[in-house]
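These notes concern the structure reproduced below.
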4 protein chains.
Amino acid sequence: MMEKLDLITFGRAAVDLNATEYNRPMEETMTFTKYVGGSPANIAIGTSKLGLNVGMIAKVSDDQHGNFVIDYMKKSGVDTSYIKKDTEGRKIGLTFTEIKSPEECSILMYRDNAADLYLSVSDFDDEYIKRADTILISGTSLSQSPSREAALHAVDVAKRNGVEVIFELDYRPYTWKSEQESAVYMTTVARMADIVIGTRDEFDVMENGEGNSDEETVKELFEHSPQLIVIKHGVKGSRAFTKDGEVIEGTIYETKVLKTFGAGDSFASGFIYALKNDKSIKEALQYGSAAASIVVSKHSSSDAMPTVADIENLMNSHVG
Amino acid sequence: MMEKLDLITFGRAAVDLNATEYNRPMEETMTFTKYVGGSPANIAIGTSKLGLNVGMIAKVSDDQHGNFVIDYMKKSGVDTSYIKKDTEGRKIGLTFTEIKSPEECSILMYRDNAADLYLSVSDFDDEYIKRADTILISGTSLSQSPSREAALHAVDVAKRNGVEVIFELDYRPYTWKSEQESAVYMTTVARMADIVIGTRDEFDVMENGEGNSDEETVKELFEHSPQLIVIKHGVKGSRAFTKDGEVIEGTIYETKVLKTFGAGDSFASGFIYALKNDKSIKEALQYGSAAASIVVSKHSSSDAMPTVADIENLMNSHVG
Amino acid sequence: MMEKLDLITFGRAAVDLNATEYNRPMEETMTFTKYVGGSPANIAIGTSKLGLNVGMIAKVSDDQHGNFVIDYMKKSGVDTSYIKKDTEGRKIGLTFTEIKSPEECSILMYRDNAADLYLSVSDFDDEYIKRADTILISGTSLSQSPSREAALHAVDVAKRNGVEVIFELDYRPYTWKSEQESAVYMTTVARMADIVIGTRDEFDVMENGEGNSDEETVKELFEHSPQLIVIKHGVKGSRAFTKDGEVIEGTIYETKVLKTFGAGDSFASGFIYALKNDKSIKEALQYGSAAASIVVSKHSSSDAMPTVADIENLMNSHVG
Amino acid sequence: MMEKLDLITFGRAAVDLNATEYNRPMEETMTFTKYVGGSPANIAIGTSKLGLNVGMIAKVSDDQHGNFVIDYMKKSGVDTSYIKKDTEGRKIGLTFTEIKSPEECSILMYRDNAADLYLSVSDFDDEYIKRADTILISGTSLSQSPSREAALHAVDVAKRNGVEVIFELDYRPYTWKSEQESAVYMTTVARMADIVIGTRDEFDVMENGEGNSDEETVKELFEHSPQLIVIKHGVKGSRAFTKDGEVIEGTIYETKVLKTFGAGDSFASGFIYALKNDKSIKEALQYGSAAASIVVSKHSSSDAMPTVADIENLMNSHVG
């Protein structure tokens, strides 16, 4: 019998090329260091490193960069059986990061015809999804066809088979054709998910979403499937809402920030790990917050993912 | 104050070019007669002719064919305020019909970059939808972007504002990229609709749909929004299912069939007309059936749409 | 041994749908009559009817319209061995004609992804071209890839093997992405051709062409391959220029014009027929002019192509 | 009055990301060093460094990578007035290099919708071309529209205005849709050029080219515009052919090869510099060969471009 998985993440695996020399404009950066990137790939690595049994459904390039990503994820303990290689010569997405200062980070992305957008229904078996307790869908996977339909189908399979669906909004405007498309699909999947996680800005993107308070946002979503909604407010911390009306506030751990990239992925990793280990929602917010705090102080988003000990040390050092 | 509409149909308006000389292969047909076509356009004309107050949201070509369609629909009493003209030079879809015999009808379609597929969210106002009691979405409008997102958005607006949603499956395989895409989007909209109408074959297209009995199909859909589902079985008649477990059988009216085109659109017209006029579901099935019987005996799908008197005469002539 | 061909025409074969009821706007035309269309198809039919041994290299749809075109051309005596059917479901181009009055004719074209634009190098054998004395390239075949490269390759094969190249400019702006593209490719092929035929407007489209006199136009082209250039000036007649400096004027035959379509194709047919039958250039211009005069007085562009007797009767009736 | 330019290069400017740690598979390379790349960009830099007055017509991304390329070229003395920035968000091409050993070098390219392929006729003025003695067209610029038409137009302008045209075949199969397209366009431009430079393999790509001897290749081209043709045979040296029948052999300078990239661009730079400085063809071949020898021993293709002193020192050290 096939082993059960705690979590499958679904969507984008990419390569980050981080400025080796930073605190300067990218024009003056002459060397770049290579890391695995992409929100659901980072969360797979992050949660695996925290001890969960994790797989990923993804599509990478059939070249040296694709090999690197698969190798790295394997070494991180992630089940890579359904990380497929694109057979049409499509390349893996690239993200060059520019770190002028902790406050001024920007990215330069290569996403045209990126392999991840071509993940399709025929790249995975419904049976694989059934083996998981939870599937995490990344918003970016909805941005283009056929990845969009693959994600919608994966959600359908999960729902029919009692697999919990986490929707990480992961909204990246440049991957979408229009705000109207974003609104339509983000809303459709958010309504079908059990848990929805995103920043305040990301929730604003949904149908009828702009200008809503957190309370209005969750009221509308709770009319559908969601049971738990996490809205992140950056340095102001995060707020979790439950369907039965509870509101739980999470606080942040101050740190010396190197760059802001990777905060969301590490937050999700810590948060999901804690929930799977029967922590309370309040504790889960703090695990997420601590993980994020650690990653933003380091150079990468994947390689920097903390261990449980790292997280708990940080949390303990702030007690009292 | 703006007038209320009984019905808005949403999607494809096209031109049919029907073989003037029939009962022969199209190669030997030398002249073609022009009619308005497209399932939701036909239903708008059909229900308007039956006396409903009807509008249509559509996009046609900015040329003589587009003008013809708008003119014809206006003359049929349809509100055409939101039948927009494509500004990028796209052409209206064409359907050449070949009628070799009543049993052997086929069509030759020009659908590449058809104007209707470019209907977008910005082509209509949410306010227009709010003016209607009911909006009818045609499955073909889901087959490509941006018409797909426009349809999903229209359904979202209708749902938020208490406008009833009828989903006419209108599944035309050649307009879709793959069966997987069809399954994903047909299922998504069917679940959000209040009333779903289609042939048995069309319901088979949905997620997990193939090989299901009518009872399995409706069981699954009734877990979501639908209240009423009509499954058509061709010459065997139709079956209506209600959420509270009722099953109503409709019978057909035999006629001398000229061609099978237009049967579904006239059925929907008669059925919707009857429901809006407080007929029972059983009666509505018979109105639909009578309307279909009349249209398949004539040359066109739009121009042949019957009046209430035509339908009731036929129904009365079959009583007892 | 394979039979020699007097002429191969290369490019577009299409279907014309001519208003059956004319002298009115197309909106009010309710029936259309079907004919073969497309400049090089018309010229193949026209020259075949005049007695030349003619073949055509083309690509049509694999449907009833494609069958009709092939059948009609076969019946007209054209060798159709290299009229291929598109295997990707692409449709044949359509031209609806509107004849408001002899002076106000317009057309409504369906050209998106038309089968003829997908004619490719692998659809024909170089050997077939070598069997011909002359190949006629139509400008429209240069408007998009891969038809463009197929045409350039056909010219290359012809030039290497001593096959005469006639370039019929046949410039249709709507089939081109930009005037810059038109200029580049029209010029490239005109320079490689032996004979170039076009209207004054069409010559204006070439690189550095606008505002040139006939004399400047031909001077530039005579620096390259062309030996004979025909510039048509509508009702003012036509002018032929030879490389060695001769200028020959052609006159028109007045007629009762029904529509202007088809004038160019019939002119080319008569002109080429006459050259192949050792008429003088002056005589060839008159054969072309007479053929054009006959076609513009009739309803179609292909079916109306005259016989030698028709042409010579007209010419004789104007002598003296 | 505007300054005269010795040379304008036309086409691709890109970014090379060369493995910082080499002699290993790219999967194990963790850092990459950034350089300007792209054959005509390298030749512009190379010839400018040798003292020619050089400009470039190109299109780069409107981002940090595009800025870097323009800055670097400016610093190298190249006139960048017509290096335009893409306004549609297209990215500059990337080339990751893998150096497993001097014999096993490979590249991983990001070329999808690369900015250089969108260089169009409207991005430059004909007047700029008229200011140059020579324009060098790179074969890659012919691989897609609209760059293809821009290149064909540039050649047309050059020819009409007495500007010498050098065609550097620079054949990169992965940028082309098919070998048939390559053959058609490479041949068309080669016939219009004054000087053609390429490897034996590149000449094989042309129409009717495969399996030809050098003598057959040049015989065919000399029937058209070319006056001088250089065919490179790798370690066996190069051969120059003149229209009047001369054949000149060039020899190579042995060196410790780090990688083979950049050999062609440095050869062209040295060769063109020498011709512009009234060296003999034999000498020009040796300048090219010496420049190539220097670049293949170093890490980059652009930054490693030698000075005149570097080249002449190498040449002198091999005399006698």
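Which of rounded, prolate, oblate describes the protein assembly as shown, given a ≥ b ≥ c as roots of the alpha-carbon gyration tensor eigenvalues and a/c under 1.5 marking rounded, otherwise prolate only if a/b is larger than b/c? In terms of gyration-tensor shape, oblate. Label-to-label distances for C:E103 across copies, nearest first, come out at 5.8, 7.2, 8.1 nm, using points 7 Å from Cα in the beta-carbon direction. In plain terms, chain C is cut at each of the GluC sites (Glu not before Pro) found in a DSSP loop with at most 13 other Cβ atoms within 10 Å, and the longest leftover piece is C:104-209. Amide H contacts for A:S238 (H built 1.01 Å from N in the peptide plane; partners 5 or more residues away or on another chain; cut-off under 5 Å): A:H233, A:G250, A:T251. The D-A contact accounts for roughly 2400 square angstrom of buried accessible surface, both chains included, probe 1.4 angstrom.
Most simply put, chain A has about 40% antiparallel DSSP beta bridges, counting only bridges with both residues inside it.
Note on B:K75: aspartates and glutamates with a C-alpha under 13 Å away, same-chain residues under 8 apart excluded, are B:D303.
The phi-based Karplus calculation (6.51 cos²θ - 1.76 cosθ + 1.60; θ = phi - 60°) puts the 3J(HN,Hα) values of the stretch D:12-23 at 7, 10, 9, 10, 9, 10, 8, 3, 6, 8, 10, 6 Hz, whole numbers, x for Gly and Pro.
For the peptide B:153-161, the mean number of other protein chain Cβ atoms found within 10 angstrom of a residue's Cβ is 2. Label-to-label distances for D:E254 across copies, nearest first, come out at 6.8, 9.0, 9.9 nm, using points 7 Å from Cα in the beta-carbon direction. Taking 20 Å² as the minimum loss, tell me which residues in the stretch A:27-48 lose that much accessible area going from the chain by itself to the full protein complex (1.4 Å probe). For the stretch A:27-48, once contacts with the other chains are taken into account, A:E27, A:M30, A:T31, A:F32, A:T33, A:K34 lose 20 Å² or more. Which positions within the stretch C:85-122 get 50 Å² or more of their accessible surface covered by the other protein chains, compared to the chain by itself, with a 1.4 angstrom probe? Buried-area filter returns C:K91, C:L108, C:Y110, C:D112. Chain A holds its axis-closest Cβ, relative to the rotation onto C, at the residue and whole-Å distance A:E88, 9.
Most simply put, the stretch D:175-254 has about 65% antiparallel DSSP beta bridges, counting only bridges with both residues inside it.
Considering only C:I248, C:I129, C:I294, the mean-square fluctuation computed in a Gaussian network model of chain C, springs between alpha carbons under 10 angstrom, is largest for C:I248.
Each residue of the stretch C:258-271 was assigned a 3J(HN,Hα) from its phi angle through the Karplus curve 6.51 cos²θ - 1.76 cosθ + 1.60 (θ = phi - 60°); the sequence is 8, 7, 8, 4, x, 4, x, 5, 6, 4, 4, 4, x, 4 Hz, with glycine and proline shown as x.
With the simple spin-label model, which puts each label point 7 Å out from Cα in the Cβ direction, the D:V257 to C:K4 separation comes to 5.4 nm. Straight Cα distances below 19 angstrom link D:K219 to the lysines C:K159, D:K232, D:K243, with same-chain residues fewer than 8 positions distant left out. Interface residues of the stretch A:166-197, defined as those losing at least 40 Å² of solvent-accessible heavy-atom surface relative to the isolated chain (probe radius 1.4 Å), are listed as A:Q180, A:V184, A:Y185, A:R191. When +1 charges are put on Lys and Arg Cβ atoms and -1 charges on Asp and Glu Cβ atoms, the dipole computed for the stretch B:1-84 relative to its Cα centre reaches about 260 debye. Counting from the shortest, the label point at B:D125, 7 Å from Cα toward Cβ, is 4.9, 5.5, 6.6 nm from the same position in each remaining copy. About its Cα centre, the stretch A:1-147 has a charge dipole of approximately 220 debye under the convention of +1 per Lys or Arg Cβ and -1 per Asp or Glu Cβ, with nothing else charged. Build a GNM of chain C with springs between Cα atoms under 10 Å: which of C:K259, C:K236, C:K91 gets the top mean-square fluctuation? Sorting by GNM fluctuation, first place goes to C:K236.
Using C-alpha pairs under 8 Å with a sequence gap of at least 6, the mean separation divided by the residue count of the stretch C:1-125 gives a relative contact order of 30 percent. Using only the Cα atoms of the stretch D:177-287, build the gyration tensor, take square roots of its eigenvalues as a ≥ b ≥ c, and label the shape rounded, prolate or oblate: rounded if a/c is under 1.5, else prolate if a/b is larger than b/c, else oblate. Cα axes put the stretch D:177-287 in the oblate bin. Of all lysines in the structure, those lying under 17 Å Cα to Cα from A:K256, and not within fewer than 8 positions of it along the same chain, are A:K100, A:K236, A:K298.
Just check chain C against the gyration tensor rule for me: Cα atoms, a ≥ b ≥ c as the square roots of the eigenvalues, rounded for a/c under 1.5, and otherwise prolate or oblate depending on whether a/b exceeds b/c. Rounded shape, in that the Cα axes give a/c under 1.5. For chain B, adding -39500 (n - 2.57) for each run of n ≥ 4 DSSP H residues and dividing by the number of residues yields -10500 deg cm²/dmol at 222 nm.
In the full protein context, the stretch B:76-183 carries 34 Å² of accessible surface per residue, based on a 1.4 Å probe and ignoring ligands, DNA and RNA. Rolling a 1.4 Å probe over the heavy atoms of the protein chains gives the stretch B:1-61 an accessible area of 27 Å² per residue.
The heavy atoms of C:V230 offer some 0 square angstrom of accessible surface to a 1.4 angstrom probe. Taking the protein heavy atoms of the stretch B:27-143 in the context of the full set of protein chains, the accessible area attributed to carbon and sulfur is 41 percent at 1.4 Å. About the centre of its Cα atoms, chain B shows a dipole size close to 600 debye [charges on the beta carbon of Lys, Arg (+1) and Asp, Glu (-1) only; nearest 20 debye].
The apolar share of the surface of the stretch C:188-320, taken as the fraction of accessible area on carbon and sulfur atoms (1.4 Å probe, ligands and nucleic acids excluded), comes to 50 percent.
Rounded to the nearest 5, what is the percent of antiparallel bridges among the DSSP beta bridges in the protein assembly as shown? Counting DSSP beta bridges with both partners in the protein assembly as shown, the antiparallel share is about 45 percent. Couplings 3J(HN,Hα) for the stretch D:37-49, derived from phi with the Karplus relation 6.51 cos²θ - 1.76 cosθ + 1.60 (θ = phi - 60°), are x, x, 3, x, 5, 4, 5, 4, 5, x, 6, 5, 5 Hz, where x marks Gly and Pro.
Build a GNM of chain A with springs between Cα atoms under 10 Å apart, and of A:Q64, A:Q227, A:Q144 the one that fluctuates most is A:Q64.
Close amide H contacts of A:K59 (hydrogens built in the peptide plane, cut-off under 5 Å, sequence separation of 5 or more or a different chain): A:A13, A:K84.
Inter-chain Cβ neighbour count for B:63-72, averaged per residue, equals 4 (cutoff 10 Å, partner chain atoms only).
Neighbouring Cβ atoms from other chains, within 10 Å of the Cβ of residues in D:9-18, number 1 on average.
The values are calculated or read from the model by the stated rules, or taken from the named source; none is laboratory data. It should be emphasised that the depicted structure is a prediction, and the values quoted were computed from it without experimental measurement. So basically every Cβ, Gly included, is an ideal-geometry build from the backbone, and we count neighbours across all protein chains shown. Just the protein is used for accessible areas: all its heavy atoms, side chains included, with ligands, DNA and RNA removed. Shrake-Rupley method; radii C 1.70, N 1.55, O 1.52, S 1.80 Å.
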